[in-house]
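Engineer: Below you'll find the structure I mean.
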Amino acid sequence: MLNQFELCSAPITAAAYEKCDSIVLFLCKECAPAVPQLELPVEAAKAVEAYLAAHDDVYDVGALTSFVLPTKGGLLQLIIAGCGEGSDCKPNNFRKAAGEAARALHKAKARQAVCAAPILLNPQRGFYAQAIAEGLFLGGYTFNRFKSEAKEAPLCAVKLLSSAEDSAKLVEVAEIEAEAVCFTRDLVNNPGNVVTPQVMVEAALAMGKELPLEVTVLDEVLLKDRGMEAILAVGRGSENPPRMIALQYNGAGDAPYTAFVGKGVTFDSGGISIKPDDNMGEMKDDMTGAADVLGAMRAIARLGLPCNVIGVLACAENMPDGRAQRPGDIVRAANGKTIEVVSTDAEGRMVLADGVWYACRLGAKKVIDIATLTGAVIIALGNETSGIVANNDELVEQLKLAGKYAGENYWQLPALPECREAIKSDVADLLNSAGRAGGVITGGLFIGEFVDKGLPWAHIDIGGTSTATKTEGVKVKGGTGFGTLTLIKLAGML
């Protein structure tokens, strides 16, 4: 059970609709002629046939059309969820439609629901069933921890009708993956006075007790011993000291390890280069990358995926007290390179500098870092697409394919030599900020300087996708957990 949904798969038969109070019909235009094969109750079948004959606007992705029908057993709610037409008939649009349907079922206080879709008559389309299941679980997410009189929707038992033989397994996987995304969302939505670097440690340690994950924690003393002065500099101004956390999962014996490294700045005031107070509270989400990694490791271990993965969380709080780093300071990172601090608000790349270096020390042969690194990525790509900067095109294509399976969009930006020149300092090895021009690229290339030479590496900038300003599809206003599902899907491809 997740987000007040208890979901199971069932064969497509007339008996499956018995005792249900709600039916959700996921419909794309090309599949509409197959609706009679779903064996809907007579009243529902007639209502759908009449409505489709008179209306052609029900197929827009995420559009819901609702009816309340009298039946012998009482009232039946019927929801037609649009899933597109032509090339739009793809799993992610079914996922989005299911997110909308989840909220409609909760609003109607449904208790026994059936989800049906003509496309699931095809036994080769089980992955559409998984997308619908993911959408239901994610769309039903709420965050009400701090509401004094929070009310939950009643538990809704849902049958997802499918002809695919592996539907039960796919629904189980969908729940585990969606639970991991919701785990990430919860961490991101909590305020900075609740989630600190130490709280991230406690979450990781709890997972290590529950799942086959080996957890290592470096406190400020161990960070100092390893020369990780970049992350220490960022956390120096806070009473909550930084922590480097590693979770190691071995599901593939002697196979090489891939590292997921997440930026975990649990609150970012900007430090001495302090941010304007407008919307500064949103900076509680600056640890989304680390939360993504933690959520992904949770699902990878629960699913028992046949891969070897190291999750690294580079956690700190960026605050401006008398001990804080200053613009103009020069800091030596763990790999020996020196950094001229141009702006203390360019702190994420500094914690990741030590984070990716540490991942290499743990034996990673491939490194992917993920971070709410820049606002520039919003200017470049908007709020639906995350940017990628990398040194390996094959790894980028893997990430983009994993993103396609997850319903998360990515765009590769060019790692231009001129941008690498821009991060060179006159007085140190590197600048921690090269200004606004090409900011997504220069920020990513800075991190790449701390990955061992020759290793495939990719940087994901989720600065525009980590938080939603409105609820739609599978996204609920607040932390989206963008990136968690991509990392899980990628782990399944390793």
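The values are calculated or read from the model by the stated rules, or taken from the named source; none is laboratory data. Model, not experiment: these values are computed from the prediction. Every residue, glycine among them, receives a Cβ derived from its backbone with ideal geometry; neighbour counts consider all protein chains shown.
Engineer: Yes or no: the range 454-461 includes at least one residue that is outside any strand (DSSP E or B) and farther than 22 Å from G348 by Cβ.
Structural biologist: The answer is yes; a qualifying residue exists.
Yes or no, residue by residue, for (1) closer than 21 Å to L313 by Cβ; (2) out of contact with any His (no Cβ under 7 Å at 6 or more places or on another chain); (3) assigned by TED's automatic domain parsing to the domain that holds T288; (4) not polar (S, T, N, Q):
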{"residue": "L121", "(1), (2), (3), (4)": "no, yes, no, yes"}
{"residue": "R125", "(1), (2), (3), (4)": "no, yes, no, yes"}
{"residue": "L136", "(1), (2), (3), (4)": "no, yes, no, yes"}
{"residue": "G139", "(1), (2), (3), (4)": "no, yes, no, yes"}
{"residue": "T196", "(1), (2), (3), (4)": "yes, yes, yes, no"}
{"residue": "V201", "(1), (2), (3), (4)": "yes, yes, yes, yes"}
{"residue": "D219", "(1), (2), (3), (4)": "yes, yes, yes, yes"}
{"residue": "L223", "(1), (2), (3), (4)": "yes, yes, yes, yes"}
{"residue": "V234", "(1), (2), (3), (4)": "yes, yes, yes, yes"}
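One line per residue, one yes/no per condition, for (1) in contact (Cβ under 8 Å) with a residue 60 or more places away in the chain; (2) within 23 Å of the chain's Cα centre (by Cα):
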residue: N279; (1), (2): no, yes
residue: A290; (1), (2): yes, yes
residue: G295; (1), (2): yes, yes
residue: A301; (1), (2): yes, yes
residue: R323; (1), (2): yes, no
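Engineer: Can you pull out every residue in the range 51-66 that is surrounded by 15 or more Cβ atoms within 10 Å (Cβ to Cβ) and assigned to a helix (DSSP H, G or I)?
Structural biologist: Residue satisfying the conditions is L52 alone.
Engineer: Might you check whether a residue that is of a type in the set (A, V, I, L, M, F, W, C), in contact with an Asp or Glu (Cβ under 8 Å, 6 or more places away or on another chain) and more than 18 Å from I447 (Cα to Cα) occurs anywhere in the range 329-340?
Structural biologist: The answer is no; no qualifying residue exists.
Engineer: Let me ask something else about it. Select from the range 157-207 the residues that are farther than 20 Å from K489 by Cα, among the charged types (D, E, K, R) and in a helix (DSSP H, G or I) and list them in ascending order.
Structural biologist: Selection gives D186, E202.
Engineer: Determine if the range 241-249 includes at least one residue that is surrounded by fewer than 18 Cβ atoms within 10 Å (Cβ to Cβ) and either assigned by TED's automatic domain parsing to the domain that holds G192 or of a type in the set (V, I, T) (or both).
Structural biologist: no
Engineer: Going by what's in this entry, would E149 be described as closer than 30 Å to G262 by Cβ and either assigned to a loop (DSSP other than H, G, I, E, B) or among the acidic types (D, E) (or both)?
Structural biologist: In short, no.
Engineer: So in the range 67-97, with the set limited to residues that are free of Cβ contacts under 8 Å to residues at least 60 places away in the same chain and part of a loop (DSSP other than H, G, I, E, B), which one is surrounded by the most Cβ atoms within 10 Å (Cβ to Cβ)?
Structural biologist: C83
Engineer: Give me the residue from the range 275-300 that is of a type in the set (A, V, I, L, M) and surrounded by fewer than 22 Cβ atoms within 10 Å (Cβ to Cβ) and, out of that set, farthest from T465 (Cα to Cα).
Structural biologist: Across the range 275-300, the extreme among qualifying residues is M280.
Engineer: Pairs under 6 Å by beta carbon, first residue in contact (Cβ under 8 Å) with a residue 24 or more places away in the chain and farther than 13 Å from V158 by Cβ in the range 98-123, partner of a type in the set (K, R) and surrounded by fewer than 22 Cβ atoms within 10 Å (Cβ to Cβ), six or more apart or different chains?
Structural biologist: Listed by first residue and then by second, the contacts come to I119/R125.
Engineer: Every residue in the range 231-256 that is farther than 24 Å from P327 by Cβ and either in contact with a strand residue (DSSP E or B) (Cβ under 7 Å, 6 or more places away or on another chain) or basic (K, R) (or both), please.
Structural biologist: Selection gives R243, M244, I245, A246, L247, Q248, Y249, N250, G251, A252, A255, P256.
Engineer: Here are some conditions: (1) under 17 Å from I310 (Cβ atoms); (2) in contact with a Gly (Cβ under 8 Å, 6 or more places away or on another chain). L187 meets all but one. Which one does it not meet?
Structural biologist: With (1) under 17 Å from I310 (Cβ atoms); (2) in contact with a Gly (Cβ under 8 Å, 6 or more places away or on another chain) applied to L187, the lone miss is (1).
Engineer: Among (1) under 20 Å from R103 (Cβ atoms); (2) modelled with pLDDT under 95; (3) surrounded by 15 or more Cβ atoms within 10 Å (Cβ to Cβ), which single condition is M1 missing?
Structural biologist: It fails just one condition, (3).
Engineer: Please determine, by comparing only the residues of the range 403-439 that are of a type in the set (S, T, N, Q) and closer than 30 Å to L485 by Cβ, which one is surrounded by the most Cβ atoms within 10 Å (Cβ to Cβ).
Structural biologist: Per the criteria, the residue is N409.
Engineer: Quick check on my filter: what residues within the range 111-128 are part of a loop (DSSP other than H, G, I, E, B) and buried (at least 22 other Cβ atoms within 10 Å of the Cβ)?
Structural biologist: Answer for the range 111-128, where residues must be part of a loop (DSSP other than H, G, I, E, B) and buried (at least 22 other Cβ atoms within 10 Å of the Cβ): just A117.
Engineer: Considering only the range 12-34, how many residues are closer than 17 Å to R125 by Cα and out of contact with any strand residue (DSSP E or B) (no Cβ under 7 Å at 6 or more places or on another chain)?
Structural biologist: 6
Engineer: Now, a different point. Which of the residues spanning the range 194-215 are without any contact (Cβ under 8 Å) to a residue 40 or more places away in the chain and surrounded by fewer than 17 Cβ atoms within 10 Å (Cβ to Cβ)?
Structural biologist: Passing the criteria: V194, E202, L205, A206, K209, E210, E214.
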